[in-house]
Amino acid sequence: MSLTTSTILICAGGACISAGEKSVKDAFEEELKKYGLDEAVRIIETGCMGACTLGPIAVIYPDGVFYQKLTPEAAKEIVEEHILKGRIVEKYLYRAPEGKPVPKVHEEVPFFKKQVKIVTRNLGIIDPTKIEEYIARDGYFALAKALQMKPEDVIKEIKDSGLRGRGGAGFPTGLKWEFAAKQKAEKKFVVCNADEGDPGAFMDRSVLEGDPHAVIEGMAIAAYAVGAQKGFVYVRAEYPLAIERLSIALEQAREYGFLGENIMGTNFSFDIEIRIGAGAFVCGEETALMASIEGERGQPRVKPPYPVEKGLWGYPTVINNVETLANVPWIIRNGAKEFRKYGTESSPGTKVFALAGKVKNTGLVEVPMGITLRELIYEIGGGIVGDKKLKAIQTGGPSGGCIPAEYIDTPVDFESLQKLGAIMGSGGMIVMDEDDCMVDVARFFLEFTVEESCGKCTPCREGTKKMLEILEKITSGEGTEEDIEELEKLANVIKDTSLCGLGQTAPNPVLSTLRYFRDEYLAHVREKKCPAKKCKALISYVIDPEKCVGCTACARVCPVQCISGQVRQPHTISQAECVRCGSCIEVCRFGAISKVTPALPVEEAVE
């Protein structure tokens with residue numbers, strides 16, 4: 001029997017795979033084999049480690065040394081130096097802002113150090129395709145414990161923990177389970193909502209890819225508590241890796257007796273099927289999701305009756321999202337009191353966010369509820385890219401709202417975000433800087449919801465389309481003040497009259513930007529200016545002849561050849577031909593090209 005001397009954990013999350021994780025892993029394997037170390041050194045592909053901008057990532061144990069931005073060549077060098085000679089290869093280490101190399105980032109770097117991992121406790125640590133590794137981390141212990149409790153005691157534990165649904169609405173999970181448990185029915189169902197459709201969100205995908213057994217265990221405990229016999233995981237087809245790893249995990253759970261008939265020798269029987277969705281955003285809404293599982297068109301219906309009363313095929317159905325269910329085993333194992341040590345009184349526990357946008361450290365982060373936006377963005381996120389000025393934080397995806405920088409010290413919990421006109425949502429968080437136009441941001445999110453509207457109710461189908469037309473009119477410089485008034489009026493009507501959550505929350509980005517950034521709307525319609533210099537119709541690119549050295553770099557990259565001038569002579573831009581793509585400003589090394597707003601009239605343009 002060979003003795004394992006070292007273990008190489010390689011992040012196999014989506015971002016690292018896209019960055020070349022497979023070739024790095026192959027290089028490690030090849031090099032280890034070359035030195036006859038392929039049995040002494042284990043290589044494990046884990047779930048997402050969180051620091052998506054640093055991938056591909058590997059951590060070498062027992063030292064716990066973190067290597068970033070790896071290549072196959074780097075992998076070979078690490079084997080030769082670190083594995084064979086015990087010498088850390090500094091050039092592949094993470095570097096602190098002051099330039100100091102940091103071998104053990106989990107202990108020293110705020111991005112990792114300030115996080116509290118409950119849902120993501122196994123991501124980056126275990127091989128998600130091996131149930132033995134999940135069991136070694138106390139996996140399925142919570143299910144065994146729950147099966148020794150009365151179902152009502154399991155529900156009480158979840159109620160006492162204060163766990164609220166992490167899918168967006170924040171409804172108390174224990175209360176939902178209690179409603180379902182009280183229903184008298186021949187059949188009951190538990191559904192895991194893994195239809196994560198928010199632009200920029202990947203929390204649920206990462207948990208399913210990195211720790212699928214936690215979700216399965218959470219579903220089994222929920223089923224035991226409410227008396228369900230059958231479960232479904234509704235996951236979108238765009239998540240093939242999550243589906244693959246979940247399928248493997250389900251088979252393993254059945255083999256080990258954690259799913260199926262008479263689980264762990266008890267009278268409790270429960271099994272789970274996967275239902276693959278086509279990727280419609282509206283299917284994240286629970287009634288539309290149920291229709292899709294039943295084989296119908298994924299459209300919502302009026303509530304009540306609620307799913308816990310009348311769900312799948314008319315039977316009581318509990319629907320929780322991935323993150324909510326992944327919390328459950330931890331709570332049962334450690335107790336409600338321990339869970340309440342994190343977070344706030346009304347929002348206990350942690351929240352997983354997909355931190356994205358103009359922040360230095362993007363990725364997957366899990367933080368205690370109640371952490372401030374400042375801590376999240378500046379300490380964990382490392383601040384704004386290019387040290388620019390923070391303008392706003394968009395939370396909750398297309399259903400959420402934009403929080404201006406002045407509220408940077410707001411605690412992140414359900415109530416605080418709602419007071420500001422935003423929502424927690426499923427956990428998407430996009431950071432915006434001074435270069436982002438808030439009118440254009442509202443247009444972007446509304447364009448998404450118009451595309452995704454199922455068309456069943458008139459306010460959502462027609463209203464959001466009309467709102468988008470107005471926003472396009474404003475960003476193209478043709479809007480009026482009356483358009484702003486109509487936009488606000490329409491937004492409020494759609495919010496009050498739409499059938500489901502998609503339509504009711506679709507106006508949120510518009511209403512929140514109107515609330516905090518109305519001056520930008522007014523600048524667009526009154527002065528035909530885009531203060532952020534983002535809206536193409538309202539800007540022009542100009543060359544400063546004092547700064548231009550005539551290097552011709554701008555002319556060479558211009559896709560429409562609208563820049564002219566002799567070598568070593570100041571160049572000019574033809575405003576009539578310029579398509580405002582911005583290629584010229586990106587390559588100018590002398591700061592000679594700038595944007596001006598309002599756009600220069602073609603007949604008066606500076607050329």
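The values are calculated or read from the model by the stated rules, or taken from the named source; none is laboratory data. Predicted model, so just to flag it, every value in this text is computed and none were measured. We place every Cβ from the backbone using ideal geometry, glycine too, and count neighbours over all the protein chains shown. Quick note on the areas: whole protein, heavy atoms, side chains included, nothing else; ligands and nucleic acids left out. Shrake-Rupley method; radii C 1.70, N 1.55, O 1.52, S 1.80 Å.
Out of the range 547-574, which residues are within 17 Å of SER594 (Cα to Cα) and among the polar types (S, T, N, Q)?
The answer is THR552, SER564, THR572, SER574.
Out of (1) among the hydroxyl-bearing types (Ser, Thr, Tyr); (2) in contact (Cβ under 8 Å) with a residue 40 or more places away in the chain; (3) out of contact with any Ser or Thr (no Cβ under 6 Å at 6 or more places or on another chain), the odd one out for TYR61 is which?
(3)
Where residues in the range 194-237 are among the charged types (D, E, K, R) and out of contact with any Asp or Glu (no Cβ under 9 Å at 6 or more places or on another chain), which of them is modelled with the lowest pLDDT?
ASP198
If I ask for residues that are in a helix (DSSP H, G or I), out of contact with any strand residue (DSSP E or B) (no Cβ under 8 Å at 6 or more places or on another chain) and touching a residue at least 60 places away in the same chain (Cβ under 8 Å), which ones from the range 480-512 would you list? Explain how you work it out, then say what you get.
If we filter the range 480-512 for residues that are in a helix (DSSP H, G or I), which is where we start, we get 481-497, 501-505, 508-512.
Adding the requirement that they be out of contact with any strand residue (DSSP E or B) (no Cβ under 8 Å at 6 or more places or on another chain) leaves 481-497, 501-505, 510.
Passing the criteria: GLY501, LEU502, THR505, VAL510.
Filter the helices (runs of 4 or more DSSP H) completely within the range 1-104 down to those with at least 1 residues that are over 27 Å from GLU379 (Cβ atoms) and open to solvent by less than 30 Å² (accessible area, probe 1.4 Å).
Once the helices (runs of 4 or more DSSP H) in the range 1-104 are filtered for at least 1 residues that are over 27 Å from GLU379 (Cβ atoms) and open to solvent by less than 30 Å² (accessible area, probe 1.4 Å), what remains is 21-34, 72-78.
So if I check each of ASP440, ASP436, which one is part of a helix (DSSP H, G or I), under 26 Å from ILE408 (Cβ atoms), charged (D, E, K, R) and modelled with pLDDT of 95 or more?
Unique residue meeting the criteria: ASP440.
Among the residues of the range 370-389, count how many are touching a Ser or Thr at 6+ places or on another chain (Cβ under 6 Å) and open to solvent by 10 Å² or more (accessible area, probe 1.4 Å).
Step one: of the range 370-389, the residues touching a Ser or Thr at 6+ places or on another chain (Cβ under 6 Å) are 370, 373.
Restricting the remaining residues to those that are open to solvent by 10 Å² or more (accessible area, probe 1.4 Å) gives 370.
Matching residues across the range 370-389 total 1.
In the range 257-282, how many are outside any strand (DSSP E or B), crowded, with 17+ Cβ neighbours inside 10 Å and at pLDDT 95 or above?
At the first step, the residues of the range 257-282 found to be outside any strand (DSSP E or B) are 257-259, 261-269, 278-282.
After this cut, where a residue has to be crowded, with 17+ Cβ neighbours inside 10 Å as well, the list is 258-259, 263, 268, 280-282.
Next cut, at pLDDT 95 or above only: 258-259, 263, 268.
So the answer is 4.
Name the single residue, out of those in the range 451-468 being within 25 Å of the chain's Cα centre (by Cα) and open to solvent by 40 Å² or more (accessible area, probe 1.4 Å), that is farthest from LYS534 (Cα to Cα).
The qualifying residue farthest from LYS534 (Cα to Cα) is GLU452.
Which ones in the range 337-352 are within 18 Å of GLY165 (Cβ to Cβ) and open to solvent by 10 Å² or more (accessible area, probe 1.4 Å)?
Correct list: ARG340, TYR342, GLY343, THR344, GLU345, SER346.
List the residue pairs whose Cβ atoms are under 9 Å apart, where the first residue sits in the range 538-564 and is of a type in the set (Lys, Arg), the second is in a loop (DSSP other than H, G, I, E, B), and the two are 6 or more positions apart or on different chains.
LYS547/PRO570; LYS547/CYS588; LYS547/PHE590; LYS547/GLY591; LYS547/ALA592
Considering only the range 171-199, state which residues are among the aliphatic types (A, V, I, L, M), assigned to a helix (DSSP H, G or I) and either in contact with a Ser or Thr (Cβ under 6 Å, 6 or more places away or on another chain) or open to solvent by 10 Å² or more (accessible area, probe 1.4 Å) (or both).
Residues satisfying the conditions are LEU175, ALA181.
Scan the range 400-419 for residues that are in contact (Cβ under 8 Å) with a residue 60 or more places away in the chain, of a type outside the set (Phe, Trp, Tyr) and open to solvent by less than 20 Å² (accessible area, probe 1.4 Å) and jot them down.
Of everything in the range 400-419, those that are in contact (Cβ under 8 Å) with a residue 60 or more places away in the chain, of a type outside the set (Phe, Trp, Tyr) and open to solvent by less than 20 Å² (accessible area, probe 1.4 Å) turn out to be GLY400, GLY401, CYS402, ILE403, PRO404, VAL412, ASP413.
Right, GLY582: open to solvent by less than 50 Å² (accessible area, probe 1.4 Å), farther than 23 Å from GLY477 by Cα and not hydrophobic (A, V, I, L, M, F, W, C) or not?
Values: open to solvent by less than 50 Å² (accessible area, probe 1.4 Å): yes; farther than 23 Å from GLY477 by Cα: no; not hydrophobic (A, V, I, L, M, F, W, C): yes.
Answer is no for this residue.
Just give me the residues in the range 283-313 being among the hydrophobic types (A, V, I, L, M, F, W, C) and either farther than 24 Å from ILE221 by Cβ or surrounded by fewer than 19 Cβ atoms within 10 Å (Cβ to Cβ) (or both), in sequence order.
CYS283, ALA288, ALA291, VAL302, TRP313
Return the residue satisfying two criteria in turn: it lies in the range 472-488 and is among the acidic types (Asp, Glu) and open to solvent by 20 Å² or more (accessible area, probe 1.4 Å), and of such residues it is farthest from ARG515 (Cα to Cα).
GLU478
Which residue, of GLY168, GLY124, GLY139, is crowded, with 21+ Cβ neighbours inside 10 Å, in a loop (DSSP other than H, G, I, E, B) and modelled with pLDDT of 95 or more?
GLY139
Pairs only if they're at least six apart or on different chains, beta carbon under 8 angstrom, first in the range 234-258 and free of Cβ contacts under 8 Å to residues at least 24 places away in the same chain, second among the acidic types (Asp, Glu); list them, first residue then second.
Once the first residue is free of Cβ contacts under 8 Å to residues at least 24 places away in the same chain and sits in the range 234-258, its partners that are among the acidic types (Asp, Glu) give ARG254/ASP271.
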